Amino acid sequence: MDNTVKSRPNHYEVLGLTPAATGDEIAQAFARQLDPLRPRPFGSLAEVTIAFETLRDSARREAYD
């Protein structure tokens, strides 16, 4: 039987970053994700916002990592 359950991407994957990303890179990736011409699935904007909010705050990012 095929396993069709997909795991959720982590916050870095959501923003297209690596764990070595700087604060500026995180902000730029977030801005790219907000591009109104970029097609995205329903609900993904919330996922992008949560990823950004977590990674931009050093204490939250440390706890997440």
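Laboratory data are not the source of any read-out in this text; all were calculated from the coordinates shown. Everything numeric here is computed off the predicted structure, so don't read it as measured data. So basically every Cβ, Gly included, is an ideal-geometry build from the backbone, and we count neighbours across all protein chains shown.
A simple packing score, the average count of other Cβ atoms within 10 Å per residue, orders the peptides 56-64, 23-31 as 23-31, 56-64, with the highest score first.
Peptides 34-42, 10-18 ranked from most to least packed by the mean count of surrounding Cβ atoms within 10 Å: 10-18, 34-42. Computed over the chain, the percent of Cα pairs more than 19 Å apart is 33. Taking Cα atoms only, the orientation of helix 23-33 departs from the longest principal axis of the chain by about 40 degrees.
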